[in-house]
Structures are given as structure tokens and as C-alpha cells.
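Got a structure here, written out as C-alpha cells. Questions coming.
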Amino acid sequence: MRNLAKSGIIDIRKRAIIIGLILVIINAYWVGIASELWYSVFTFVNPFSNAIFSLAVLLVINSLIRRFSINLSLSSAELLVIYVMTIMVSTISGHTMMSILMGTLAQPFWFASPENEWQQLFWKYIPSWFTVSKTEVLKGYFTGESSFYKIEYIKAWAVPILVWSGFIFILYFSLLCISSILRRQWSENEKLSYPLVQLPLAMATDKKFFRSKLLWIGFSVSASIRVINLFHDLFPAVPQMPYGYRLDQFFTDKPWNAIGYTWMSYNFSVIGLSYFMPLDLSFSCWFFFWLTRVERIFASMIGWQSLYLNERASGAWIGICMLALWGARRHLVAFTRHVFGRAKMDDSNEPMKYRTALILLLLSFGGLVMFCYFAGMSFWAIFAFYGLFYILAIAIGRVRAELGPPYHEVIGINPRQMMIDIFGSRRLLGNNLTIMTFLYAFNRCNRAHPMPNQLESLRIGDKVGMNNRKLTTALALAIGIGAIATFWTYLQISYKYGVLTQLRGTLSYFGWESFNPLQTWLQYPQGTNLPAIGFMGGGFAFVVFLYIMRTRFLWFPLHASGYVLSGAAWGGMIYFWFPVLVSWFIKLLILRHGGGGAYRKGIPFFLGLVLGDYIPRSIASIVSLVLNIYMPSSGAGHML
């Protein structure tokens with residue numbers, strides 16, 4: 001796509017940011033209530049369907065306004081600023097982050113009992129300003145048929161809302177500072193492709209995009225299934241098109257039943273998005289997915305108790321980060337010399353001036369350290385936790401920027417679990433374990449991680465020649481306003497519907513997922529898990545090996561990122577290995593028989609597949625909320 005940045009810096013008017021903030025609040029509510037009332041997960045696949053739908057609606061409205069007044073209409077850059085603002089709030093709201101955080105905040109005092117001994121085990125480690133401890137305030141939250149707009153409820157939740165909104169803002173802003181520092185290296189020096197920005201860029205900047213026949217053919221193929229299922233939801237007599245098929249149900253005997261959960265999804269949007277992944281990565285994703293299945297069966301045959309899949313993947317993710325930083329070493333050295341006045345780098349067009357970015361990063365990190373220290377964590381545990389957090393953030397950001405996988409869920413790979421394996425719960429003690437449990441939400445599954453979305457937002461800004469400073473301001477505002485709007489959303493719908501009564505989401509489940517391990521670690525302290533550390537080292541060594549093989553031998557087909565996306569016990573291809581395989585095979589045939597020209601000609605069709613899935617699904621979600629009926633066609637659960 002043509003890089004519009006060459007035409008000069010495009011300014012962003014204030015009204016675009018104001019419209020963006022309005023949509024931030026709307027999307028915070030939409031994503032939150034859809035996630036919890038009907039378990040419709042918008043932030044499952046990147047880019048998020050709610051953000052693409054919001055952009056599509058804006059494009060329609062903007063085209064109507066342009067007929068009457070060009071001055072009143074929004075430019076492509078302004079439309080994309082609004083889009084990235086909705087993306088940022090979507091990383092906060094919904095099933096991926098806020099569901100886990102709210103489930104954790106509300107859990108420890110309501111569900112404490114003599115049997116689980118939570119009061120004796122860890123109540124003393126929970127700061128009074130962290131959450132609400134009064135059961136009379138929490139009753140309406142869990143049972144519903146109440147309203148958050150009672151003065152005693154608002155007073156009880158006011159401090160936790162402000163504290164955690166501030167924490168989210170500082171944490172996300174620190175990642176934005178890191179993204180600003182790495183932007184030039186990954187976008188200009190290494191020229192990473194950022195595959196997932198193609199759809200919003202094409203929608204907002206390509207005037208011929210919606211005139212493509214191939215686009216509408218792809219749209220029709222994908223949308224037909226969603227529309228049929230939408231009518232099935234409203235009128236059950238209409239036949240339903242399946243969303244996928246469970247293969248593991250046929251493997252009931254040993255050792256084959258060790259294959260584990262194997263879902264064959266028929267998701268057309270993932271087929272469309274995977275078309276932009278390099279062939280070696282898409283091949284590696286489904287290859288390593290099935291390799292782990294073979295490993296499970298083999299382990300069952302010979303009697304191995306554990307394959308340490310998560311530990312190996314944890315080490316592999318660390319390896320991805322280290323390799324990314326090693327590749328950026330010259331840029332980082334030049335950056336350091338510039339900051340300390342030993343050399344000069346041109347940072348006039350950067351999202352932040354380099355010295356400013358470093359200072360704000362240090363201040364943000366200092367705020368995070370103080371937050372955890374006053375909460376009760378030890379300094380050494382704080383630095384270890386955030387060291388691992390930033391390593392994972394950089395690694396996920398690198399994989400998305402370089403290769404663009406639409407889905408990268410990695411459950412079981414997070415700083416808390418790594419620190420348990422490395423240091424042991426006995427050494428960490430109750431204070432550190434408890435506070436890390438409240439931070440579990442920020443790395444529980446990583447599929448809507450803020451850093452890769454921030455990097456893609458900066459890439460979009462580069463492509464359209466946007467004013468990067470205003471873009472950064474817009475992102476920061478979206479984070480701050482979005483955090484507060486999301487808390488309001490969750491409290492409003494929880495008190496109305498009840499977490500344990502009408503809400504179909506996973507708010508209560510995530511509380512158990514957070515605190516049950518804490519209970520076990522405190523009741524049965526354990527030491528360092530030496531085998532786990534060994535397998536972490538093995539995972540690290542394996543991705544280094546894959547990296548060396550790919551740099552030495554161009555024919556080598558396996559990519560390290562494919563391993564980290566698929567190698568965990570519940571890895572990033574657990575739901576979508578099949579559409580990735582289908583997309584890989586189609587792209588392979590196109591490139592072999594038609595070359596790069598045929599590949600480029602096919603792009604509108606595959607983008608149409610994505611739009612044809614996203615638009616009807618979003619409409620179905622709105623219909624389900626308006627009519628207050630359960631509609632799986634809106635993307636309920638993990639079926640998508």
C-alpha cells in the first residue's frame with residue numbers, strides 16, 4: 001500500500017479526538033456487556049471486530065457528510081485515530097483483561113469460608129485501598145436486581161476504581177513509551193510488515209477498496225454463514241451452520257485420548273487474516289500445534305507424567321524477546337548515546353522525543369514500583385515481576401509486528417507462574433504472592449495485549465503521515481478514559497444482572513482461577529521447581545536454534561514464532577489451527593501457480609472474508625443486546 005507519509009504531516013483536529021473519546025465510552029460498554037451478559041468475546045481475534053465495525057459505521061456516516069460539506073467530514077487520518085482509540089479501550093474492556101481483574105477484585109471477601117481459610121491465609125496481605133471488603137456492598141454485585149447508583153456503593157468502589165484506573169494508565173503508558181523507543185528500529189530499520197494493519201488502512205485510505213468485486217465476493221461467502229446463523233438464533237426452525245467440530249471426541253482409548261482438546265474451527269475471518277502471514281509462519285503454527293499433539297500421545301504411551309509444555313513455551317517467549325533486543329542492539333546503543341548527549345538522532349517525527357520517552361518510562365516504572373511496594377510487595381519481587389512482564393510484552397509485540405498472527409492466546413505463561421517455578425512459593429511469601437494474584441489479569445492470556453496494538457497504532461500513523469505526538473495523546477486519553485469507563489460498565493451491569501445470576505460471562509470463574517492457586521501455594525509452600533527451570537532453558541535454546549537455522553539456511557521452514565504460538569499446553573492455535581492451515585494451503589497454491597501478482601490480486605477477497613464475518617457478527621451482538629436474547633452468532637464464547 002502506498003505510504004502517504006511522504007506527502008507531509010497530517011494534523012489531527014480536536015473534534016476527531018472528541019469523537020474518539022465518545023466511541024471509547026461506547027465501546028467500553030459494548031465490549032463489556034457483550035462479554036459478560038452473553039459471553040460474546042470481541043477481543044478474541046486481532047484486529048478486534050468491534051473496532052472494525054465502528055470504523056465501517058464511521059465511513060458510512062462520513063461519506064454522507066462529505067456530500068454536503070467536505071470541511072465537516074473527517075480525513076482518513078482522523079478516522080484512523082478514532083479507530084486506534086477504540087482498539088486501545090478494547091484491550092482494557094471485555095473477557096481478556098477486565099473480566100479477570102474484576103473477578104479477582106470482588107472474590108476474596110465474598111467467597112471466603114472456614115473451609116478455604118482465605119481469611120487466615122491472605123486477607124491480611126490485601127490493602128484496604130485495593131478492593132471492597134464489605135459483604136453488604138458486594139451482595140448486589142453478585143446477586144443482581146440492584147443498582148450501582150447508590151451512594152454507599154459508589155463510596156465503597158470509588159477508591160478501588162481510581163487506584164486501579166491509575167494503575168492501568170501508568171502500566172499501559174509505560175508500554176507506549178517502550179513502543180515509541182522501538183518504533184524506528186522495527187518499522188524503518190528492519191522494515192517489519194505489521195500485517196494486521198492492512199484492513200483498517202485499506203478501509204480508510206483506499207478509495208477503490210469498496211468497489212472491488214473480489215471484496216464483495218469474499219464478504220458474501222463469509223457473511224452468508226453469519227446471516228444464516230443469525231436467523232437461526234431468532235427463528236430456530238432455520239438450519240444452523242456449524243462453527244466447528246470437536247475431533248478429540250473420537251479418541252477415547254489410550255494412548256490416543258491424550259491428544260487433548262482439538263477444535264476444528266470453520267472461521268472465515270481467521271482464514272482471511274492468516275493470508276497476510278508469511279508462509280513459513282502459518283506452516284509453523286499448525287505444524288507445532290500438531291507436534292504437541294503427537295508429543296502428548298507419545299508421552300502417554302511411555303508413561304511420562306508431564307511434558308512441561310508451558311515451561312518450555314515460557315523460555316521460548318523469553319528467547320523471542322532476547323533475540324528481538326539483540327537485533328535492535330545498534331539502535332538501542334544509538335538511542336542511549338543520544339539520550340546522554342554523546343551522539344545525535346533525529347527524533348522530530350517520533351511519537352515522543354527520545355529523552356522524553358525515557359524519562360516518562362522511568363517515571364511510569366517508578367509509579368508501578370511504588371504501587372506494588374505500598375501494597376506490600378518486596379522490592380526484589382517487584383523488579384522480577386515487571387522484568388518478566390516487559391519481556392513478554394516485547395516478545396508479543398515483536399511477533400505481531402513481524403508476522404501478524406491474528407490470535408496469540410498463551411494461558412499459563414505469565415510472570416506469577418514463572419516466579420513460582422523459579423523462586424518457589426516458600427521464598428516469595430504471602431505478601432508477594434497475594435499482590436501478584438491481583439496482577440494476574442494483565443498476563444492471564446495475552447490475546448489482547450496492549451503493546452502490539454500500540455505498535456500497530458504507531459505503524460498506522462506512519463502510513464498515513466499522521467502527527468505522531470497527537471496520536472500518542474489520543475492513545476493516552478483512550479487508555480485513561482477507557483479504564484474508568486470500563487470500571488463503570490462492569491459495576492453497572494454486575495449490580496443490575498448479578499455475576500452469579502444472569503451474567504453468562506466468566507467474572508466469578510476468574511476469581512477462583514486467581515485465588516485457588518494462591519490458597520494452594522500458601523497452604524503447601526513449595527521450593528524452586530528445578531525441572532521447570534531446565535525446560536525453560538530448553539525452550540529458550542530451541543528458539544535460538546530455530547533462529548540460527550533460519551539465518552543460515554534459507555530453505556529451513558520452521559519459525560521460532562510459530563513454536564511460541566503453538567507450543568504451550570493451551571497455546572495460540574488451540575482454536576484456529578485449521579483456518580490457519582487452510583489459509584496456508586490456499587496461499588501456497590496462489591504463490592506457486594500465480595506468483596506475487598496473483599497474491600496481490602487476491603488481497604481484496606481475503607479482506608472481504610474478514611469484513612463478511614465481522615460486520616454481521618457485530619450487528620448480531622447489537623440485536624442480541626437490544627432484544628435481550630442469547631445469540632451465539634454474535635460470537636458467543638470461543639466458537640466465534
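Can you list residues from other chains, or at least 5 along the same chain, whose modelled amide H is less than 5 Å from the amide H of I10?
M466, N467
Can you tell me what percent of all Cα-Cα pairs in the chain are more than 32 Å apart?
The proportion of pairs with Cα distances above 32 Å equals 49 percent.
Based only on Cα atoms, what mean projected area does the convex hull of region 398-541 have, in nm²?
In nm², the orientation-averaged hull projection of region 398-541 is 12.1.
In square angstrom, what is the accessible area per residue of the chain with a 1.4 angstrom probe?
With all protein chains present, the chain gives 39 Å² per residue.
Add -39500 (n - 2.57) for each DSSP H run of 4 or more in the chain, then divide by its residues: what number comes out at 222 nm, to the nearest 500 deg cm²/dmol?
-22500 deg cm²/dmol
How would E311, E78 line up by accessible area, probe 1.4 Å, largest first?
The residues order as E311, E78, largest area first.
While we're here: Which of the lysines could a cross-linker bridge to K155, judged by Cα under 21 Å and excluding same-chain residues fewer than eight apart?
Filter leaves K134, K139, K496.
Moving on to the next point. Between S40 and residues 5 or more places away or on another chain, which pairs have amide H atoms under 5 Å apart, with H built 1.01 Å from N, and which residues are they?
Residues meeting the criterion, in which the H sits 1.01 Å from N, are S35, G637.
Find, among the chymotrypsin sites (Phe, Trp or Tyr not before Pro) in region 14-54, those assigned to loop by DSSP (not H, G, I, E, B) with at most 13 other beta-carbon atoms within 10 angstrom.
In loop regions of region 14-54 (DSSP not H, G, I, E or B), there are no sparsely surrounded chymotrypsin sites (Phe, Trp or Tyr not before Pro).
Please give the charge dipole size of the chain, origin at the Cα centre, charges +1 on K and R Cβ atoms and -1 on D and E Cβ atoms. Round to the nearest 20 debye.
In debye, rounded to 20, the chain gives about 1920.
Could you order L72, L171 by accessible surface area, starting with the largest, using a probe radius of 1.4 Å?
Final ranking, largest accessible area leading: L72, L171.
Hey, another quick one. For the chain, what % of the accessible area comes from carbon and sulfur atoms, probe 1.4 Å?
Carbon and sulfur together cover 66 percent of it.
Turning to a different aspect of this structure: Relative to 2.2 N^0.38 Å, what does the C-alpha radius of gyration of region 160-227 come to as a ratio? Two decimals please.
Against the empirical 2.2 N^0.38 Å value, I get 1.76 for region 160-227.
Tell me which chymotrypsin sites (Phe, Trp or Tyr not before Pro) from region 553-583 have a DSSP coil assignment and no more than 14 other beta carbons within 10 Å of their own.
F553, W555
Here's something else I'd like to know. Can you give the accessible area of H559, probe radius 1.4 Å, in Å² rounded to 10?
Number for this one is 20 Å².
If you average 1/r over all unlike Cα pairs in region 1-132 and invert the result, what Kirkwood radius do you get in angstrom?
Hydrodynamic radius (Kirkwood, Cα pairs) of region 1-132 is 17.8 Å.
What is the ratio of the Cα radius of gyration of region 586-639 to 2.2 N^0.38 Å, where N is its residue count, to two decimals?
Its radius of gyration relative to the 2.2 N^0.38 Å reference: 1.68.
Kirkwood hydrodynamic radius for region 161-284: how many Å is it when counted over pairs of different Cα atoms?
Result for region 161-284, one decimal place: 19.7 Å.
In region 548-640, if the dipole is taken from +1 on Lys/Arg beta carbons and -1 on Asp/Glu beta carbons about the Cα centre, which of F553, S566, H593 is farthest to the positive end?
So the residue furthest toward the plus end is F553.
Based only on Cα atoms, what mean projected area does the convex hull of region 275-358 have, in nm²?
Projected over every direction and averaged, the Cα hull of region 275-358 covers 8.9 nm².
Going through region 280-338, which chymotrypsin sites (Phe, Trp or Tyr not before Pro) have at most 16 other Cβ atoms within 10 Å and a DSSP loop state?
When the chymotrypsin sites (Phe, Trp or Tyr not before Pro) of region 280-338 are filtered for loop state and at most 16 Cβ neighbours within 10 Å, W304 remain.
If the label point is 7 Å along Cα→Cβ of T501, which residues in region 158-184 have backbone nitrogen under 11 Å from it?
none
Tell me, what is the percent relative contact order of region 491-640, built from C-alpha pairs under 8 Å that lie six or more residues apart?
For region 491-640, the relative contact order is 8 percent.
Charges at C-beta only: +1 for Lys and Arg, -1 for Asp and Glu. How large is the resulting dipole of region 383-434 about its Cα centre, in Debye rounded to 20?
180 debye
Excluding residues fewer than 8 places away in the same chain, name every one of the lysines whose C-alpha is closer than 29 Å to that of K208.
Of all the lysines, those that pass the test against K208 - Cα under 29 Å, at least 8 places apart if same chain - are K6, K14, K191, K463, K470, K587, K601.
The values are calculated or read from the model by the stated rules, or taken from the named source; none is laboratory data. In this text, all values refer to a predicted model and were calculated from it rather than measured experimentally. Glycine gets a Cβ as well: all are built from the backbone with ideal geometry, and neighbour counts include every protein chain shown. Surface areas here come from the heavy atoms of the whole protein model, side chains and all, with no ligands, DNA or RNA. Shrake-Rupley method; radii C 1.70, N 1.55, O 1.52, S 1.80 Å.
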